[in-house]
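The values are calculated or read from the model by the stated rules, or taken from the named source; none is laboratory data. This one's a predicted model, so the numbers in the text were calculated from it and none came from an experiment. Every residue, glycine among them, receives a Cβ derived from its backbone with ideal geometry; neighbour counts consider all protein chains shown. With ligands, DNA and RNA removed, areas are computed over all heavy atoms of the protein, side chains included. Shrake-Rupley method; radii C 1.70, N 1.55, O 1.52, S 1.80 Å.
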Amino acid sequence: MSQWNEEDARAEIKPHAAEPGGLMPALHALMARFRYIDQAALPLLADIFNLSRAEVHGVVSFYHDFRRQPPGRHVIKICQSEACQAMGSRGLTRHAMQVLGIDFGDTTPSGDFTLEAVYCLGNCAATPALMIDDRVVGRVDAKRFDALLAELEVQE
Ligand code: FES
């Protein structure tokens, strides 16, 4: 992971430049490197893939996986799909929003946490599920959520 800069962005995009449909893997590579798609990447991608900026913007804004702002130190994604909803993910989401004081897509003022919606984490046998950074956690209720948050705060 690194701070946005054009040189590294070009290096991430380059291996996909000649691929048919290379825009999506290039965007994923940028996400893996910077954790978001900087506004400055749009003209770069448009130029390399011979697309208009509007076309690139359309793709980036269509997929909610592509963040437009740098996230907080930890990203918490709560599953909003059916199996998780049936087991209480709405209540868990309300609790998380209240505890963190933010909505989906926002980052706490401390820069510690970004909260996002996700649609199935492949953990439907242990719902409701969430993902903290790269770790999927199942059967999360409000109490477990608070414990997970406390764990992260201790690690800080
Ligand atoms: S529906 Fe939530 S993990 Fe699959």
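Any idea which of (1) open to solvent by 60 Å² or more (accessible area, probe 1.4 Å); (2) closer than 23 Å to ARG33 by Cα is the one THR107 doesn't satisfy?
Just one mismatch for THR107, condition (1).
With the checklist (1) open to solvent by 70 Å² or more (accessible area, probe 1.4 Å); (2) assigned to a helix (DSSP H, G or I) in hand, flag the one item ALA125 doesn't pass.
Exception for ALA125: condition (2).
Scan ALA117, ALA96, ALA150, ALA142 and give me the residue that is open to solvent by 20 Å² or more (accessible area, probe 1.4 Å) and either within 15 Å of the ligand (Cβ to nearest atom) or within 20 Å of the chain's Cα centre (by Cα) (or both). Quick ask: steps written out before the conclusion?
Working: ALA96 fails: open to solvent by 20 Å² or more (accessible area, probe 1.4 Å); ALA150 fails: either within 15 Å of the ligand (Cβ to nearest atom) or within 20 Å of the chain's Cα centre (by Cα) (or both); ALA142 fails: either within 15 Å of the ligand (Cβ to nearest atom) or within 20 Å of the chain's Cα centre (by Cα) (or both).
Result of the check over ALA117, ALA96, ALA150, ALA142: ALA117.
Restricting attention to segment 32-74, report how many residues are within 26 Å of GLU151 (Cα to Cα) and either surrounded by fewer than 13 Cβ atoms within 10 Å (Cβ to Cβ) or within 16 Å of the ligand (Cβ to nearest atom) (or both). Break it down stepwise before answering.
Of all residues in segment 32-74, those within 26 Å of GLU151 (Cα to Cα) come to 32-36, 65, 67, 69-74.
Restricting the remaining residues to those that are either surrounded by fewer than 13 Cβ atoms within 10 Å (Cβ to Cβ) or within 16 Å of the ligand (Cβ to nearest atom) (or both) gives 32, 65.
Counting residues in segment 32-74 that are within 26 Å of GLU151 (Cα to Cα) and either surrounded by fewer than 13 Cβ atoms within 10 Å (Cβ to Cβ) or within 16 Å of the ligand (Cβ to nearest atom) (or both) gives 2.
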